[in-house]
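The values are calculated or read from the model by the stated rules, or taken from the named source; none is laboratory data. These numbers were taken from a predicted model, which means no experiment stands behind them. Backbone-built Cβ (ideal geometry, glycine too); neighbour counts: all protein chains shown. The area values use the complete protein model at the heavy-atom level, side chains included, leaving out ligands, DNA and RNA. Shrake-Rupley method; radii C 1.70, N 1.55, O 1.52, S 1.80 Å.
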Amino acid sequence: MKEKILYVSDLDGTLLRSDETISQLTSQTINDLVEKGMIFSYATARSYQTAHKVTKGLKAKIPLIIYNGTLIVDNESQDILLAHYFGNSEIKELINDLTSHQIYPIVYSYINQKEKFSFIEELNTKGMQDFIYTRQGDIRKNPVKSINQLYLGDCFYVTCIDEYEKLKPFYEKYKNKYHCLFQEDIYLHSQWLELMPLKASKSSAIQELKEYLNCHKVVVFGDGNNDIDMFSMADEAYAVENAVQELKDIATQIIPRNDEDGVAKWLLQNVF
């Protein structure tokens, strides 16, 4: 039996160039290989809406991993195939803890079956304002007036953008209770703390996708700390030259940087 391989790439800093675009070479290479039978997807911290926008022209027909593995969505129907949500009591406890220390998060949830990201506008930090500015016209944007309104719906992702010293204690406090990411945003250079249900991760989502597609092997590409878990579970893992050192240390090999179409060049040389 021919070995079925699932290829999964991170987007920002890996498949995308530093200006948040996908090059013609990369999109054409992947589209041509997909037409020949390559099984390709991406795993990203982005939402479906923003990922779809920056990958316009890319034909990834199989399910996509978004929000760092919190959701898997069908790329054609946009149906949610897998979702991890916070429990009602734990999301209230988490938000109350954060806000009692003057950390006001952006909370992603499904409210009346529609995806929203909620925030208390008058309490936004500069980093939050910068982020929300990049989401102008986004129908998911949901400014609210009170902390209680942050609890609404089925919550699945919490993002805090604030000072390093303010967020670090909460990363330490919650890193074993939730799936936490604590890093500087590569575009806005602000400090982020992201919290997800413990079972949500790129690695678990890729495992689910591997089983769903009956693949025998997984090959991944990435650049950041949020890719470490998927590197650890993959059969082969390739870090772009611009990746963080922690990822390079566990990579199968280092490939050219994102601005040099490293993933596409590797695929051209190694698929089929």
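Results for (1) over 19 Å from Gly69 (Cβ atoms); (2) open to solvent by less than 40 Å² (accessible area, probe 1.4 Å); (3) at pLDDT 95 or above; (4) of a type in the set (Asp, Glu), shown as yes or no for each residue.
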| residue | (1), (2), (3), (4) |
| --- | --- |
| Glu208 | no, no, no, yes |
| Phe221 | no, yes, yes, no |
| Glu241 | yes, no, yes, yes |
| Asp259 | yes, no, yes, yes |
Lys210 being charged (D, E, K, R) and closer than 24 Å to Pro169 by Cα: no
Pairs where the first residue, in segment 164-189, is charged (D, E, K, R) and the second is open to solvent by 40 Å² or more (accessible area, probe 1.4 Å) and assigned to a loop (DSSP other than H, G, I, E, B), C-beta under 8 Å, 6+ apart: Lys166/His101; Lys166/Gln102; Lys177/Leu198
Qualifying residue in segment 125-138 (condition: in a strand (DSSP E or B) and surrounded by 15 or more Cβ atoms within 10 Å (Cβ to Cβ)): no
Failed item, numbered, when Leu167 is tested on (1) farther than 25 Å from Thr134 by Cα; (2) assigned to a helix (DSSP H, G or I): (1)
Segment 177-196, subset more than 14 Å from the chain's Cα centre (by Cα) and at pLDDT 95 or above, residue farthest from Thr159 (Cα to Cα): Lys177
